[in-house]
Amino acid sequence: DIQMTQAPSTLSASVGDRVTITCRASQNIGGLLAWYQQKPRNAPKLLIFDASSLESGVPSRFSGSGSGTEFTLTISSLQPDDFATYYCQQYESYWTFGQGTKVDIK
Amino acid sequence: QVQLVQSGPEMKKPGASVRVSCKASHYTFTNYGITWVRQAPGQGLEWMGWVSTYSANTNFAQKYQDRLTMTTDTSTSTAYMELRSLRSDDTAVYYCARVLGRKNFFDYWGQGTLVTVSS
């Protein structure tokens, strides 16, 4: 099974900050990685697919990069609506999620 | 607008079974698979399994192989997930999601169904 490890587990930031979350796969997954945002009591929402493709309707301040085993999600300027938990997911071999990164208010 | 609408909350006793439904609308049901993900209280997302709405083939995470069933009813565009021999640690919110197929991401999600297992 492919394991996904995210860092950090929690991130405290302020509105306007540049935020970066990393995700590492236990083996090469090429570019088959997605990022989701989840707010309390809501279903996850797709942000990024194929490592760097922005889902329709997602603000351009979100971006993804990486390939192979190392990936990042960047929020260029954190907005109040962005305080949430973020998950990476590999889909090269079935599906596995990272453990999540909670972005909260500093 | 694609929609996945799940059945309501369930309360079950240990050892019982639960079946959760997921009704799809506004897209061709058999063009996409349905996958199920669960989230225990305060925990992360865990993939459980996937069903092809076209062939009815399934793939399950190893830990659920012996007590999970996933089916679909193409006449009503509804997918079902049944988990048997429930334990207290099966208490979670269960989500269905749409997936184009293997090696694809989950683009639309249901609203979630809380299953509580308690004696």
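The values are calculated or read from the model by the stated rules, or taken from the named source; none is laboratory data. Just so it is clear, the model here is predicted, and its values are computed rather than measured. Counting neighbours? That spans all protein chains shown, and the Cβs are built from the backbone with ideal geometry, glycine included. Remember, those area values only see protein heavy atoms, side chains included, never the ligands or the DNA or RNA. Shrake-Rupley method; radii C 1.70, N 1.55, O 1.52, S 1.80 Å.
Taking the convex hull of the Cα atoms, report for the protein assembly as shown its projected area averaged over all directions, in nm². Before the final figure, lay out the partial values.
On the way: hull surface 47.8 nm².
For the Cα atoms of the protein assembly as shown, the hull's average projected area reads 12.0 nm².
Within segment A:6-32, find all residues whose amide N lies under 20 Å from a label point positioned 7 Å from the Cα of A:Thr74 along Cα-to-beta-carbon.
Under 20 Å, as judged by backbone N against the label point of A:Thr74, lie A:6-9, A:11-25, A:31-32 of segment A:6-32.
With chain B treated as a Gaussian network of Cα nodes joined by springs under 10 Å, which of B:Ser88, B:Ser21, B:Ser75 yields the largest mean-square fluctuation?
Top of the fluctuation ranking is B:Ser75.
Report the calculated FRET efficiency for B:Asn57 and A:Ser52 (r = Cβ-Cβ distance, R0 = 41 Å), to the nearest 0.05. Before the final figure, lay out the partial values.
On the way: r = 31 Å, r/R0 = 0.74.
FRET efficiency, B:Asn57 to A:Ser52: 0.85.
Please compute the contact order of chain B in relative form: average sequence separation of alpha-carbon pairs under 8 Å and at least six residues apart, divided by the residue count, as a percent. Please list the in-between numbers first.
Working: 294 pairs, mean separation 43.6, N = 119.
The normalised contact order for chain B reaches 37 percent.
If you take each beta carbon of peptide A:36-46 and count the beta carbons of other chains within 10 angstrom, what is the mean?
The shielding value for this peptide is 4.
Hey, got the dipole for the protein assembly as shown? About the Cα centre, +1 on K and R Cβ, -1 on D and E Cβ, debye to the nearest 20?
Numbers: 20 positive and 17 negative charges, 78 e Å.
The dipole of the protein assembly as shown has a size of about 380 debye.
Mind giving me the nanometre distance, one decimal, between the label points for A:Asn42 and A:Ile105, set 7 Å out from Cα along Cα→Cβ?
Calculated label separation equals 1.6 nm.
At a Förster distance of 45 Å, what's the computed FRET efficiency of A:Arg24 paired with B:Ser119, Cβ-Cβ distance as r, to 0.05? List each step's numbers first, then the result.
On the way: r = 40 Å, r/R0 = 0.90.
Calculated value: 0.65.
For chain A, what does the relative contact order come out to in percent, with C-alpha contacts under 8 Å and a separation of six or more? Working shown, then result.
On the way: 272 pairs, mean separation 40.8, N = 106.
38 percent.
Using protein heavy atoms only (no ligands, DNA or RNA), what is the total accessible area buried between B and A, 1.4 Å probe, nearest 100 Å²? All intermediate terms of the calculation are to be shown ahead of the outcome.
Values: alone 6420 and 5660 Å², together 10370 Å².
Using a 1.4 Å probe on protein heavy atoms, the buried area is about 1700 Å².
For chain B, what is the accessible area per residue in Å² when the probe is 1.4 Å? Walk me through the numbers before you get to the answer.
Details: 5590 Å² over 119 residues.
Ligands and nucleic acids excluded, the result is 47 Å² per residue.
What is the projected area of the convex hull of the Cα atoms of segment B:28-119, averaged over all directions, in nm²?
On the way: hull surface 25.3 nm².
With the hull built on Cα positions only, its mean projection is 6.3 nm².
Given the C-alpha atoms of segment A:1-60, compute the convex hull and give its volume per residue in Å³.
About 128 Å³ per residue, rounded to a whole number.
Determine, at each q value in 0.15, 0.19, 0.20 (inverse angstroms), the log₁₀ of I(q)/I(0) that the Debye formula gives when each Cα of chain A is one equal point scatterer.
The calculated log intensity ratios at q = 0.15, 0.19, 0.20 Å⁻¹ are -0.54, -0.88, -0.97.
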